[in-house]
Amino acid sequence: MNSLLRIVNFGRMIKKVFLLLALAFLFQSEGNAQLLPWYYEVDENFLLGKTSFESDGRFSLVSSSGSTKSCYLLVEVNGAFEQMAAAAQKEGVILKVISGGRNFNMQKAIWEKKWNTRRPNFKSDKETALDILKYSSMPGTSRHHWGTDVDINSLEPSYFASGKGKKEYDWLQKNAGSFGFCQTYDNKQTSGRSGYSEEKWHYSYMPISTVLLNQYNAKIVYEEISGFVGSQTAKEVEMIRAYVNGIAGGCNTLTSP
Ligand SMILES: [Zn+2]
């Protein structure tokens with residue numbers, strides 16, 4: 001009888017140990033999943049801009065007071081922009097988003113309109129693509145797809161050269177970094193980067209866009225940059241190396257606001 005009791009007790013003890021181990025494992029894996037925010041694991045469609053901002057809860061509408069037209073940003077980026085705009089306003093500088101998230105189809109419309117207008121002016125598809133790429137992205141390769149990037153106040157280089165525009169630009173140069181934002185397309189001559197011309201209006205929320213760029217480089221291949229007129233030039237013009245990765249070196253250090 002005694003030995004039978006001992007065996008039963010031993011069996012119960014083993015069960016308890018297994019239960020505890022199972023619980024410990026469960027808590028640990030939950031803990032790991034919570035360590036990294038969602039944007040550390042996104043799929044190819046997200047990276048290529050094949051998203052619907054209206055129905056995707058990761059994006060939210062920029063407030064009408066913070067933008068000149070209806071547009072979406074990632075929820076986190078929207079919050080960071082609002083904080084930056086509020087700080088700027090206290091110093092008499094008004095910052096408005098004139099363009100935020102643009103998905104694949106929106107970029108396709110911009111690209112194809114330019115392609116159809118400009119193609120007759122050039123000898124080859126490659127030359128046409130390079131001309132459009134001075135300021136506009138190919139669908140599937142734009143940072144605007146991610147909801148991390150904003151165009152602020154004007155798309156005219158001359159606007160930021162003097163007066164009100166210069167004051168806004170100077171404020172952003174001094175303060176944007178404290179809110180996580182960086183001018184990704186700076187002066188190519190001085191920074192030595194490749195790709196797009198200087199865009200004094202384009203700022204990226206680096207704490208998230210840095211993580212997304214790493215995933216873009218790991219997951220996207222040229223065959224996936226397709227589905228629009230002129231897409232066959234993507235490899236020839238080195239879209240991924242020269243443009244997607246052609247950002248200001250100083251921005252890469254800004255991974256937390
Ligand atoms: Zn832009």
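The values are calculated or read from the model by the stated rules, or taken from the named source; none is laboratory data. From a predicted model like this one, the values you see are computed outputs, not experimental measurements. Methodologically, a virtual Cβ is constructed for each residue, glycine included, from the backbone with ideal geometry; neighbour enumeration extends over all protein chains shown.
Considering segment 210-229, and only residues there that are surrounded by fewer than 20 Cβ atoms within 10 Å (Cβ to Cβ) and in a loop (DSSP other than H, G, I, E, B), the residue that is farthest from the chain's Cα centre (by Cα) turns out to be VAL229. Would you confirm whether or not segment 196-204 contains a residue that is more than 23 Å from ALA109 (Cβ to Cβ) and more than 16 Å from the ligand (Cβ to nearest atom)? No - not one qualifying residue is present in segment 196-204. When SER70 is tested against (1) at pLDDT below 95; (2) assigned to a helix (DSSP H, G or I), exactly one condition is not met: (2).
Residues in segment 196-209 that are under 17 Å from the mean Cα position of the chain (by Cα) and under 28 Å from LYS164 (Cα atoms): TYR196, GLU199, TRP201, HIS202, TYR203, SER204, TYR205, MET206.
Output the residues belonging to segment 167-180 that are within 16 Å of the ligand (Cβ to nearest atom) and of a type outside the set (A, V, I, L, M, F, W, C). It would help to see each step written out before you state the result.
So the first thing to find is which residues in segment 167-180 are within 16 Å of the ligand (Cβ to nearest atom), and the list is 168-169, 172, 176.
GLU168, TYR169, listed by residue number.
As a summary of the residue check, TYR243 satisfies the conditions (1) in contact (Cβ under 8 Å) with a residue 40 or more places away in the chain; (2) in a helix (DSSP H, G or I); (3) touching a helix residue (DSSP H, G or I) at 6+ places or on another chain (Cβ under 8 Å) except for the one numbered (3). For segment 116-153, a residue qualifies if it is among the aromatic types (Phe, Trp, Tyr), under 23 Å from THR51 (Cα atoms) and modelled with pLDDT of 95 or more, and exactly one does: TRP146. Out of segment 93-136, which residues are away from the ligand (no atom under 16 Å from the Cβ), in contact (Cβ under 8 Å) with a residue 60 or more places away in the chain and not in a helix (DSSP H, G or I)? The answer is VAL93, ILE94.
Restricting the first member to segment 161-189 and to residues that are more than 21 Å from ARG143 (Cα to Cα), and the second to residues that are within 15 Å of the ligand (Cβ to nearest atom) and in a loop (DSSP other than H, G, I, E, B), the beta-carbon pairs closer than 6 Å and six or more apart or on different chains are GLU168/ASN153.
Taking segment 45-57 as the range and being surrounded by 18 or more Cβ atoms within 10 Å (Cβ to Cβ) and over 12 Å from the mean Cα position of the chain (by Cα) as the test, the residues that pass are THR51, PHE53.
One residue stands out among those in segment 137-166 that are more than 21 Å from MET206 (Cβ to Cβ) and part of a loop (DSSP other than H, G, I, E, B): the one that is nearest to the ligand (Cβ to nearest atom), which is LEU155. Taken together, the residues in segment 40-67 that are farther than 21 Å from ASP151 by Cβ, in a helix (DSSP H, G or I) and in contact (Cβ under 8 Å) with a residue 24 or more places away in the chain amount to 2. Criterion first (within 23 Å of ASN175 (Cα to Cα) and buried (at least 18 other Cβ atoms within 10 Å of the Cβ)) does ASN103 satisfy it? When the stated conditions are applied, ASN103 does not pass them.
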